[in-house]
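Structure, as C-alpha cells:
The values are calculated or read from the model by the stated rules, or taken from the named source; none is laboratory data. Remember, it's a predicted structure, so these values are computed and weren't measured experimentally. Neighbour counts run over all protein chains shown; Cβ positions are idealised from the backbone, glycine included.
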Amino acid sequence: MGQNIVQKIIDSHLLSGEMVPGQEISIRIDQTLTQDATGTMAYLQFEAMGVPRVKTKLSVSYVDHNTLQTGFENADDHRFLQTIASKHGIYFSRPGNGICHQVHLERFGIPGMTLLGSDSHTPTGGGLGMLAIGAGGLDVAVAMGGGPFYLNMPKVVNVKLSGKLRPWVSAKDVILELLRIMSVKGGVGKIVEYSGEGVKTLSVPERATITNMGAELGATTSVFPSDEITLEFMKAQKRQKDWVELKADPDAAYDEVIEINLSELEPMVAQPHSPDNVAKVNEVGSIPVQQVAIGSCTNSSYTDLMRVAGILKGRKVHPNVSLAIAPGSRQVFEMLARNGALGDIIAAGARILETACGPCIGMGQSPSSGAVTVRTFNRNFEGRSGTADAKVYLASPEVAAATALTGVLTDPQTLGEFVEVEMPEEFLIDDSMVLPPAEDPSQVEVLRGPNIKPLPVNSELPPTLTGSTLLKVEDNITTDHIMPAGAKILPLRSNIPAISQHVFSGVDASFADRAKASGGGFVVGGHNYGQGSSREHAALAPMYLGVKAVITKSFARIHRANLVNFGILPLTFVDEKDYDKISQADNLEIDVTGLGIVEELNVKNTTTGAEFKVRPDLTERQSEIIKAGGLLNFTKKQNS
C-alpha cells in the first residue's frame with residue numbers, strides 16, 4: 001500500500017517507534033523557530049543543556065510578539081535573544097521584520113522538511129508542504145540540541161477539496177467550515193492532510209491560512225501537497241532550488257475522510273467565544289461593529305492585504321469603526337508601500353500597525369468596553385483581546401474590510417464586482433533584517449537584562465502526592481485562562497516568580513496566593529484542558545506555584561506535553577462521572593509509587609472519603625521524566 005504525505009515525511013525522519021496511530025514515535029527535526037514570548041525561556045533551557053551550537057539544519061529566532069516597549073523589559077529581552085542567537089548558531093529576525101510564520105513561509109520553509117516551533121501556529125508551514133508542529137519551548141530547545149521530538153503517531157484525516165472558491169469567498173471560510181464540522185477538539189491526535197482537485201485552485205498563502213488555523217482543531221498539524229503552485233511561490237521568492245515535489249501515492253490510505261466542495265462555501269464567521277462557533281455571515285445578520293482588525297499570522301499576506309486595499313480604495317471607514325491593519329512581514333509592508341496600495345489603505349482611514357502579532361495576543365488595540373470587534377485572527381477566546389467583555393468575531397479579510405466600510409457585520413458579496421488580486425511573479429527580496437550567527441562565537445557576549453531570572457527547576461516525584469484542590473474548572477480551558485498574555489503580563493515571561501502571580505488571574509484572582517500559601521496542590525478540569533497557545537508558561541508557572549498534578553476529562557496535546565516536561569503529572573478520570581466527586585478546596589491524596597508500571601492510579605478525597613481511579617497514559621519515557629521532576633532533570637540524568 002502506498003503512503004500519504006504525512007507518512008512519507010515521518011518515515012524519512014523516523015528515529016524510533018512504528019507509524020501506528022497512538023504509538024509513541026520520535027522524529028528528527030530539520031528546522032526550529034521561536035518567537036520572543038516563548039523564545040527567551042527556550043534559549044535559557046538550551047543554555048542549561050550545555051550544547052555550544054545548534055545541531056539543526058536551520059534555527060531562527062523571531063521577535064514579533066512583545067514589540068510594545070512600554071518599559072525596559074521587552075527591549076532587554078530582544079537584546080538577549082539577538083546575542084544568544086549569534087553565539088549559538090541561530091539566525092535572528094529583528095523586531096519589525098515580521099511575524100514568524102509569515103516570514104518563515106516566505107524565506108525559510110522547505111517542502112518535505114520537519115519544523116518544530118515554540119508557537120502553536122507553526123503548522124502554517126504545512127501550506128508549503130512541511131511537517132510543521134507547534135510545541136513547548138523545552139521541546140524546541142531539545143531539538144536545537146540535536147535531540148529527537150517525541151509524539152504519539154497521529155491518525156491522518158484526509159480533507160478532499162473539490163470545486164473552486166467563488167468570488168468573495170476565501171481560504172478563511174474553508175478552515176471555518178472545517179472547524180464547524182470537526183470542532184476545536186475534533187483534531188486531537190490527528191494530522192489533517194489536504195487533497196483533491198480543489199487544492200490546485202489555492203495559492204500557497206491561501207493554503208497557509210488553512211493550515212495555520214488548523215491549530216484551532218486541536219490537530220497536531222496540517223499539510224498540503226508540494227506541487228507546481230508551491231514551485232511558483234518559491235520561484236517568486238527566489239528559492240526554487242529548495243522546492244521538491246511531494247504528494248500522496250494514488251493508493252494511500254487514511255483514517256478518516258472529509259469532503260468539502262469549495263464551490264458551495266459562503267462567507268463565514270466564528271462567533272464569540274470559540275473558533276468553532278461558526279455560522280454564515282448572512283445568518284448572523286447586520287450587527288453593529290465598533291472595531292475591525294486585519295492581520296495576524298492567519299491573514300496578513302500580500303494577496304490578503306492587496307484585496308483589502310482594493311476594497312477600501314476610494315472609500316472611507318465608517319465613522320463608528322476603528323480599523324487597524326498589520327502587514328505580516330516587512331516584505332508585504334514594503335511591497336504595499338511601493339505599489340500604492342498602502343496609500344489607498346491610509347486614505348480610507350485605517351490605522352497602520354507594525355509588522356507584528358499585536359492585537360491577536362492582546363498587545364495593543366484592545367477594543368472598548370463591551371465592543372463587537374471583527375478580526376481576521378485565529379482565536380476569539382474571552383478576554384484574549386485585552387477587554388474582558390468584548391465580543392470577538394473571526395472572519396476573512398474580505399468580510400472584515402466590508403464591515404469596516406458599513407459599520408455592521410457585512411457579507412462582502414454585497415459589495416459588487418470582485419477585487420481580483422494576482423500573485424506577483426517576483427516578491428521583493430531583502431533579508432537584511434535577518435542576522436546570521438557569528439562566525440566566531442567566542443567573541444559574542446550574551447547580554448541579560450535584570451528581568452531575566454534563573455530557570456526554576458522541579459524536584460523529583462515523591463511516593464505520594466498530597467494537597468488541596470486549588471481550582472476546579474470546566475471544559476475548554478485555554479492556556480489564555482491559565483497564563484494570560486497581553487501588554488501587562490507578557491513582558492514578565494522571562495521572570496517566572498513575577499509572571500506566576502498572574503496564573504489563572506482571569507478565572508480566580510486569588511489562585512496564586514492560595515497556591516503559595518497551601519504549598520501547592522491540584523487543578524481539576526473538564527474536556528480539552530489547555531487548548532490554544534503552546535506557551536509553556538502555562539505549565540512552568542503553575543509548577544513554580546507548587547501544582548503537582550492536573551486531573552481532567554481530556555487534555556489538549558501541547559499543554560499535556562508541557563505539563564510532563566515540567567514534572568506536573570497529567571491525569572484523566574477513568575470514569576468521567578468522578579469529576580463530580582471533587583469540589584474546590586477538597587484535599588486529595590494520590591499514590592504514585594506504581595507510576596510507569598500500573599495503568600491506573602488511586603485518588604483518595606480525604607475531605608469526603610470518596611475514592612476513584614485516574615489514568616496517567618504515559619509512556620515509559622514520560623513516566624521517567626515525571627519521576628525526575630521534568631525534562632531538564634531527566635536530560636541531565638541521562639547525560640551523566
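Computed quantities for the displayed model
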| read-out | value |
| --- | --- |
| Region 550-584, residues that are out of contact with any helix residue (DSSP H, G or I) (no Cβ under 7 Å at 6 or more places or on another chain) and either acidic (Asp, Glu) or over 27 Å from LEU217 (Cβ atoms) (or both) | ASP575, GLU576, LYS577, ASP578, ASP580, LYS581, ILE582, SER583, GLN584 |
| Identity of the residue in region 424-441, in contact with a strand residue (DSSP E or B) (Cβ under 9 Å, 6 or more places away or on another chain) and within 27 Å of MET335 (Cα to Cα), that ends up surrounded by the fewest Cβ atoms within 10 Å (Cβ to Cβ) | PRO436 |
| Qualifying residue in region 559-570 (condition: in the same structural domain as ALA541 (by TED's automatic domain parsing), assigned to a strand (DSSP E or B) and not β-branched (Val, Ile, Thr)) | yes |
| Region 510-552 - residue that is modelled with pLDDT of 95 or more and in a loop (DSSP other than H, G, I, E, B) and, of those, surrounded by the most Cβ atoms within 10 Å (Cβ to Cβ) | GLY530 |
| From the options PRO424, PRO397, residue that is over 14 Å from ASN282 (Cα atoms) and not assigned by TED's automatic domain parsing to the domain that holds LYS316 | PRO424 |
| Per-region count, region 2-53, residues modelled with pLDDT under 95, among the β-branched types (Val, Ile, Thr) and closer than 15 Å to HIS88 by Cβ | 2 |
| Search result, residues across region 131-153 that are over 20 Å from ASN4 (Cα atoms) and surrounded by fewer than 24 Cβ atoms within 10 Å (Cβ to Cβ) | GLY145, GLY146, GLY147, PRO148, PHE149, TYR150 |
| Region 69-108: number of residues that are among the hydroxyl-bearing types (Ser, Thr, Tyr) and surrounded by 21 or more Cβ atoms within 10 Å (Cβ to Cβ) | 2 |
| Long-range neighbours under 8 Å by Cβ, at least six apart or interchain, first residue at positive phi within region 509-522, second among the basic types (Lys, Arg) and modelled with pLDDT of 95 or more | GLY520/LYS548; GLY521/LYS548 |
| From GLU576, GLU611, GLU589, residue being of a type in the set (Asp, Glu), at pLDDT 95 or above and in contact with a His (Cβ under 9 Å, 6 or more places away or on another chain) | GLU576 |
| Qualifying residue in region 583-591 (condition: within 30 Å of ARG493 (Cα to Cα) and not hydroxyl-bearing (Ser, Thr, Tyr)) | yes |
| Test: residue in region 331-352 that is of a type in the set (D, E, K, R), at pLDDT 95 or above and under 24 Å from PRO123 (Cβ atoms) | no |
| Residue in region 186-201 that is assigned to a helix (DSSP H, G or I) and buried (at least 18 other Cβ atoms within 10 Å of the Cβ) present | yes |
| Among (1) more than 15 Å from VAL6 (Cβ to Cβ); (2) part of a strand (DSSP E or B) - the single one ILE229 does not satisfy | (2) |
| Residues located in region 480-509, provided they are buried (at least 17 other Cβ atoms within 10 Å of the Cβ), in a loop (DSSP other than H, G, I, E, B) and hydroxyl-bearing (Ser, Thr, Tyr) | SER494 |
| Residue check for VAL421: surrounded by fewer than 23 Cβ atoms within 10 Å (Cβ to Cβ), among the β-branched types (Val, Ile, Thr) and in contact with a helix residue (DSSP H, G or I) (Cβ under 6 Å, 6 or more places away or on another chain) | yes |
